[in-house]
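Each remark here refers to the structure printed beneath this line.
Read the figures in this text as sums done on the coordinates, not as results from a lab. The structure displayed is predicted, hence computed values, not measured ones. Virtual Cβ from ideal backbone geometry, glycine too; neighbours counted across all protein chains shown.
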Amino acid sequence: MAKAKVIAIGNHKGGVAKTTTTANLGAALVKSGKKVLLVDLDPQASLSTLFQKEISENNIYKAIKFECEAVPYEVRDNLFLIPSTLDLIGAESELADMLGRDTLVKDILKPFISKFDYILIDTPPALSLLTINGLVAADDMIITFLPEPLVLAGMVKILNTIDKIKSRLNPNLEILGLLPTLYKNVNVHADILDAIEYKYPGLLFKSRIRNSISLVNAQGDNQTIFEYDKDSNGAKDYYSFASEFIEKETQTGKPKGRKKKAVN
Ligand code: ADP
Ligand code: MG
């Protein structure tokens, strides 16, 4: 099997569909014949809750503390999860004193690189040590965001942080793209995406994840969107996003670094 590509899904804000995207991109990739490992790095453990694994014996918190091996649970055919737990809230302060504290997650994931096609890491809504661990372990990052006014200011912050992580901790890290979520067909959303495309040419995915109540309900029923309603907009959007993702991710001769364009 090919070497797994490790993708972190992130944004320092909460409520921007990081967890929803991790779960449903993962499920869509499985539908495309891939073997996928999801990693829940968020102490809120929403991804683990979705797959009903939030109180699992072998969780990432214990693995970080060297109290157990990380064991991926097969939550669906070909879809695996290393779960989180609410105890992970304590990990921040415990991590702070550990030797090699930035590479703990990267080390945990090493044995799985040869066993999966993709490893998707759901990161917490903060620039915490856990998030840094996710970004150090990753080859690529997907930033999910809501197309709201003020999003550009937030984007500048995230991209600056990623530049720092790239130069200090993980020169390999690339931003695969910016994914708009909870998208509505209204002028203000379209205008904001135009502004993002102008400021960061080539970074915005073509896919839009539309605002869809099915995605909320699926989560409530502990289902992926494909199980909950395969004909919903949510299922269509994540399926087409997965195709765009595979295409972008497998592009050969991927240019290193972002093109920057000055804005007046
Ligand atoms: P994050 O992980 O960034 O905090 P979540 O994935 O938990 O965000 O999503 C936040 C909330 O928004 C959840 O209640 C989720 O069900 C809902 N949600 C996610 N994507 C959509 C969407 N496309 N349309 C409507 N609601 C969504
Ligand atoms: Mg989340």
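At a glance:
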{"read-out": "Sorted by Cβ density within 10 Å, fewest first, the residues Ile196, Ile213, Ile82", "value": "Ile213, Ile196, Ile82"}
{"read-out": "Among Asn160, Asn172, Asn58, residue whose mean-square fluctuation peaks in a GNM of the chain (springs only between Cα atoms under 10 Å)", "value": "Asn160"}
{"read-out": "Mean-position separation - Cα centroids, region 1-68 and region 116-150, in angstrom", "value": "11"}
{"read-out": "Helix runs (DSSP H) in the chain reaching 15 Å along axis by Cα, Kyte-Doolittle at least -1.0", "value": "18-31, 151-168, 187-199, 233-249"}
{"read-out": "Helix-only mean residue ellipticity at 222 nm for the chain, each DSSP H run of n ≥ 4 adding -39500 (n - 2.57), per residue, nearest 500", "value": "-11500 deg cm²/dmol"}
{"read-out": "Taking the C-alpha atoms of region 174-223, convex hull volume expressed per residue in Å³", "value": "87"}
{"read-out": "Counting DSSP beta bridges with both ends in the chain, the antiparallel % (nearest 5)", "value": "10"}
{"read-out": "Whole-angstrom Cα spans of region 1-139 along principal axes, big to small", "value": "41, 31, 27"}
{"read-out": "Violating pairs (Cα-Cα greater than 24 angstrom) within the set Lys115/Lys166; Lys53/Lys164; Lys31/Lys166; Lys199/Lys248; Lys53/Lys106; Lys206/Lys230", "value": "Lys115/Lys166; Lys53/Lys164; Lys31/Lys166"}
{"read-out": "Values of log10 I(q)/I(0), in the order q = 0.19 Å⁻¹, for region 76-161 under a Debye, Cα-only, solvent-free model", "value": "-1.02"}
{"read-out": "Debye intensity ratio in log₁₀ form over the Cα atoms of the chain, taken at each q of 0.13 Å⁻¹", "value": "-0.80"}
{"read-out": "Among Leu41, Leu203, Leu81, residue whose mean-square fluctuation peaks in a GNM of the chain (springs only between Cα atoms under 10 Å)", "value": "Leu203"}
{"read-out": "Length-normalised contact order of the chain in % [C-alpha pairs under 8 Å, at least 6 apart]", "value": "24"}
{"read-out": "Inter-site label distance for Lys115 and Ser167 at 7 Å from Cα along Cβ, in nm", "value": "3.8"}
